[in-house]
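I have placed the structure first, in the form of structure tokens, so that the comments after it can refer back to it.
Every read-out reported here was derived from the displayed coordinates using simple, explicitly stated rules and does not represent laboratory data. Being a predicted model, the structure only gives us computed values, none of them experimental. Here Cβ is always computed from backbone atoms with ideal geometry, including for glycine, and neighbour counts include all displayed protein chains.
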Amino acid sequence: MNSAIRTQSLSKRFGRTAAVDGLDLAVPEGAIYALVGPNGAGKTTIIKMLMNIFPPTAGHAEVLGVDSRKLAGKAFSRIGYVSENQEMPEWMTAGSMLDYYRPFYPTWDRALERQLVRQFDLPLTRKLKHLSRGMRMKAAFASSLAYRPSLIVLDEPFTGLDPLVRDELIEGLIERAPETTIFLSSHDLAEIESFSSHVGYLEQGRLLFSEEMSVLSNRFREVTVTLDSPAPLPENLPPAWLQPQTADCVLRFVDSDFSEDRTARELAERFPTARNIAFDPMPLRAIFLAVAKAGRSRASSQQDSATVKENAA
Amino acid sequence: MKQVLHIFAKDTRHFWPEIVVSLALTAVFVWVCPIEWLSNDDPHSNMFKAVAGLVVNLVPLTWWILITRVTHAERLVGDTQFWLTRPYDWKRLLGAKMLFFAVFLYLPIFIAQCLLLAEAGFHPLAYLSGLFYKLLLITVVLVLPVMAIAAVTSSFARTTLTILGICICLAGILALAYLANSPDPYIPNQGPLIVAIALCLFAAAVVAQYATRKTWLVRLLLIAIPVLSLCLGEVKSYQCLIDRTYPPPAAQAGAPVQLSYSPNLPGYGGSDTYPTTPKTRIWIRIPMTESGVSEGNLVVVDSIRAEVKAPDGSQWDSAWQLGLMQHIVSNSNRYDATFPMPIAVYNKFRSMPLSVHLTLAIIQTKAAEATNIPLPVGDFSIPDFGFCKPQIRWSVASTEITGISCFSALRPPTLTYIRTTWSESSCSDLPTLPGPNEEGSAWVGSLDRAPAEFGLSPVELLPTWLSNSGYENGKLRVLCPGTPIDFVQYKVVRRTQASVGIEDYRLPKVTVARGQVTVEY
């Protein structure tokens with residue numbers, strides 16, 4: 001399958017800080033790809049490099065087959081970009097903004113524009129600066145969907161919006177999904193889960209995983225084990241077990257590489273007195289939190305060991 | 001082109017209030033500007049002149065606002081602008097901005113200048129090249145610098161602060177140079193070259209920012225422009241530039257003027273007194289006898305360089321100094337070579353016999369056209385010069401002509417010698433008999449080759465101060481209608497150099513006391 005977006009060792013440094021570090025990413029055509037990660041992970045930086053808003057420090061990126069550094073002018077007639085902090089021509093009304101953008105796009109669909117205006121209930125005669133945040137976002141969506149772009153790039157599009165507006169925007173996106181690739185970054189994991197086909201998890205500028213949503217959902221399980229008697233955590237737990245903890249006779253952890261047979265076998269080896277084992281599927285939000293917390297505790301333990309080594313030296 | 005027009009139409013809709021204000025002020029400018037050259041020196045016209053002066057300053061102010069706002073409509077600094085991810089082509093975007101400036105800045109001011117030329121009596125079509133050159137100067141001095149700064153700043157406030165900061169920096173550097181007592185270097189007339197260089201640098205900065213949006217690089221380029229200018233001003237070894245503009249003659253005998261040191265010239269002596277300043281320098285005046293200036297010729301001293309050597313081997317070079325535009329006419333027999341010397345240098349050499357070598361950058365000119373007319377009562381025109389009118393002194397009893405005032409199109413005319421004769425009696429007591437000292441003369445114009453001078457007004461007022469004007473023995477000198485008045489225009493024959501060596505020269509005695517410098521010859 002062709003990739004709408006492909007990056008190779010893409011990196012961006014701001015002074016001494018590596019915002020994105022050696023990113024290898026492939027977004028298949030037709031996918032709805034959600035890039036998730038904690039604040040400061042580098043999601044917006046990646047999107048801005050892809051959109052040639054600023055250049056990468058190293059590496060390479062292709063967007064719809066075009067080198068991201070050369071992405072300009074006409075190439076944007078196939079790309080729709082909406083960002084939470086994007087400026088808009090505030091002095092225009094929503095209607096005059098659509099009128100202004102229309103001639104820039106040979107594929108602008110007036111019927112679709114009218115449909116989006118109706119669907120989003122856009123007040124065409126009001127100036128953008130007088131619109132609520134939700135309405136402005138709807139206007140941005142309408143102006144980025146009406147020309148049927150091959151790729152829609154969304155940077156935190158749902159942040160700060162009420163659930164009703166979010167639903168309306170997602171509905172608008174899903175209607176476009178069959179004909180386009182959607183690449184979005186978001187913290188709104190519940191909504192993403194409902195319509196994303198692929199997900200990538202970014203932490204400290206590095207992509208920890210990138211896979212289809214169904215594979216991810218199958219890979220993560222919350223495991224609850226009831227033991228005969230309280231037992232301490234053994235030291236040689238598999239690395240795929242995240243956040244293991246015991247309370248009285250109950251052991252809980254997240255298995256990030258779940259396979260029922262293997263996990264059961266590994267549990268039996270380490271906890272022979274286990275009485276009851278439950279494998280619960282996890283929502284994306286829970287997976288995200290588990291991975292994020294595990295990443296933080298890993299980073300802090302690495303820091304601690306580095307400090308110990310320094311002190312010893 | 002479609003996209004250019006589309007963006008242009010958007011900017012026009014957005015900035016119509018600014019456009020209206022700018023056009024209105026341009027219209028007011030056309031209305032009030034003629035007052036500067038048409039009215040007489042009565043108190044009412046002075047008030048109008050003040051209004052005209054204010055409007056002349058307000059027009060560029062509205063341009064500054066308009067240029068900055070239009071440039072910032074598609075801001076180039078930052079990463080959140082709406083247009084960055086739309087199918088904007090940078091060349092078309094820049095083209096749209098240029099079209100906007102052409103329509104709302106250049107076209108109105110071009111029309112305004114044509115109207116003003118016509119109002120002053122000049123036919124605009126005869127001055128098209130000069131008018132376009134004037135627009136070029138406005139571009140280099142005003143439009144491109146403001147646009148370049150707006151292109152590398154993110155808001156109107158930042159642009160304004162940057163421009164103010166640049167002005168303060170330049171003022172500070174000039175003040176430091178002044179306090180450091182550095183000489184006033186003379187850079188030969190390279191106006192068109194400087195205009196071309198500035199145009200290229202500012203245009204390169206604007207184009208580079210639109211093409212790449214590498215703001216820091218473009219900011220560095222913009223900082224380099226004034227630094228380069230200052231370096232150019234500080235360069236002392238620009239002899240090659242002087243030699244190119246003023247090629248030295250093959251032999252000194254071939255120079256259009258021969259000079260020789262004449263310490264005993266009649267009239268040489270006495271003293272010069274002037275106030276001390278932080279940059280006090282001693283003005284050395286060396287009397288010379290001139291010869292070789294043929295009849296009808298005039299030699300203008302553009303710049304002077306003095307090289308001084310003392311018996312102990314120490315030496316001083318004044319470098320090329322801004323000349324005093326001294327004129328050496330045929331049969332004048334006399335020329336005072338004048339140059340400034342820092343006090344420290346003077347104190348070092350004051351008691352020593354010196355060897356002085358003077359080199360002059362000179363322009364040889366020849367009388368080309370002479371117009372002799374009887375002074376009219378009203379306005380009169382002089383071909384290739386401009387228009388003049390008698391200056392009237394209004395009084396209860398009479399109206400007397402106490403001088404003339406002139407104006408020309410786009411630039412001062414070629415160097416012109418004006419000569420007439422004063423009358424000490426009232427013109428009503430005709431016939432008048434001119435006395436021995438009643439000639440009134442003035443040099444007007446320049447030998448500069450540029451087709452226009454920078455400024456909004458296409459009409460240049462020419463200060464015409466006739467010598468021997470004012471009162472003599474309690475009587476006001478006046479010009480009577482019908483008095484012959486000559487206008488002799490000089491054309492450049494060549495630019496060259498002349499030099500003279502002086503041995504055993506002693507510096508004049510100088511006293512600095514009570515804020516006064518006294519130089520005794």
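Determine by what factor the alpha-carbon radius of gyration of segment A:55-193 differs from 2.2 N^0.38 Å, reporting the quotient.
1.04
Using +1 at the Cβ of each Lys and Arg and -1 at the Cβ of each Asp and Glu in the protein assembly as shown, identify which of A:Phe76, B:Ala306, A:Leu284 lies farthest towards the dipole's positive end.
B:Ala306
Kirkwood hydrodynamic radius for the protein assembly as shown: how many Å is it when counted over pairs of different Cα atoms?
Mean inverse Cα-Cα distance, inverted, gives 34.5 Å.
Averaging over all projection directions, find the projected area of the Cα convex hull of chain B and quote it in nm² with one decimal place.
Result: a mean projected hull area of 29.6 nm².
Taking each full run of DSSP H in chain A as one helix, which ones are at least 27 Å long along their axis (Cα atoms) and have mean Kyte-Doolittle hydropathy of at least -0.5?
Those that clear 27 Å and a mean of -0.5 are A:284-312.
About the Cα centre, and with charges only on the beta carbon of Lys, Arg (+1) and Asp, Glu (-1), how big is the dipole of segment B:283-330? Nearest 20 debye, please.
100 debye
Along Cα→Cβ, 7 Å out, is where each label goes; now give me the distance between the ones at B:Val329 and B:Ala211 in nm to one decimal.
With each label point 7 Å from Cα toward Cβ, the separation is 5.6 nm.
To the nearest 500 deg cm²/dmol, what mean residue ellipticity at 222 nm is calculated for chain A from DSSP H runs of n ≥ 4 alone, each contributing -39,500 (n - 2.57), summed and divided by the residues?
After summing the helix terms and dividing by the residues of chain A, the value is -10500 deg cm²/dmol.
Could you please state, rounded to a whole Å, how far the C-alpha centre of segment B:437-510 is from the C-alpha centre of segment B:109-172?
The two parts, judged by their Cα centres, are 30 Å apart.
Please report the projected area of segment A:156-271's Cα convex hull averaged over all directions, in nm².
Result: 10.0 nm².
Treat every Asp and Glu Cβ in the protein assembly as shown as -1 and every Lys and Arg Cβ as +1, leave all other atoms uncharged, and give the resulting dipole magnitude about the Cα centre to the nearest 20 debye.
So the dipole magnitude of the protein assembly as shown works out to roughly 400 debye.
Using a 4.7 Å cut-off between beta carbons, which cysteines in chain B end up with no partner cysteine at all?
For chain B, the answer is B:Cys33, B:Cys114, B:Cys167, B:Cys169, B:Cys200, B:Cys231, B:Cys240, because their Cβ atoms have no other cysteine Cβ under 4.7 Å.
Nearest 10 degrees is fine. How inclined is helix B:191-212 to the longest principal axis of chain B, computing both from alpha carbons?
20 degrees
Connecting C-alpha atoms closer than 10 Å in a GNM of chain A, tell me which of A:Met97, A:Met88, A:Met51 has the biggest fluctuation.
Greatest mean-square fluctuation among the candidates belongs to A:Met88.
For segment A:4-127, taking Cα atoms only, what is the radius of gyration to one decimal and the Dmax to the nearest whole Å?
In order Rg, Dmax, the Cα atoms of segment A:4-127 give 17.0, 50 Å.
Any idea which of B:Ala73, B:Gly254, B:Val459 is furthest toward the positive side of the dipole for chain B, if Lys and Arg beta-carbons carry +1 and Asp and Glu beta-carbons -1?
Farthest towards the positive end: B:Ala73.
Sequence gap at least 6, Cα distance under 8 Å: using those rules, report the relative contact order of chain A to the nearest whole percent.
19 percent
Add +1 for every Lys or Arg and -1 for every Asp or Glu among the other residues with Cβ under 13 Å from the Cβ of A:Tyr105, and state the total.
+4
Would you mind checking A:Lys70/B:Lys214; A:Lys127/B:Lys10; A:Lys12/A:Lys293; A:Lys138/B:Lys97; A:Lys43/B:Lys10 for any pair whose Cα atoms are more than 22 angstrom apart?
In this structure, A:Lys12/A:Lys293; A:Lys138/B:Lys97; A:Lys43/B:Lys10 exceed 22 Å between Cα atoms.
What is the angle, in °, between the Cα long axis of helix B:2-14 and the longest principal axis of the Cα atoms in chain B? Nearest 10 is fine, range 0 to 90.
Approximately 80 degrees, to the nearest 10.
Placing +1 on the Cβ of each Lys and Arg and -1 on the Cβ of each Asp and Glu in the protein assembly as shown, which of B:Ser408, A:Thr107, A:Phe120 has its Cα farthest towards the positive end of the resulting dipole?
My answer, from the dipole projection, is B:Ser408.
Under unit Cβ charges (Lys, Arg +1; Asp, Glu -1), what dipole magnitude, rounded to 20 debye, does chain A have relative to its Cα centre?
Computed about the Cα centre, the dipole is about 1180 debye.
Per 5 Å bin from zero, what fraction in whole % of the C-alpha pairs of segment B:1-109 is there, up to the bin with the longest pair?
Here the calculated profile for segment B:1-109 is 2, 11, 19, 18, 13, 11, 8, 6, 5, 3, 2, 1, 0.
Using Cα atoms only, what is the angle between the long axis of helix B:128-138 and the major principal axis of chain B, expressed in degrees (0 to 90) to the nearest 10?
Taking Cα atoms only, the helix is inclined about 70 degrees.
Net charge near B:Gly270, counting Lys/Arg +1 and Asp/Glu -1 over other residues with Cβ under 11 Å of its Cβ?
-1
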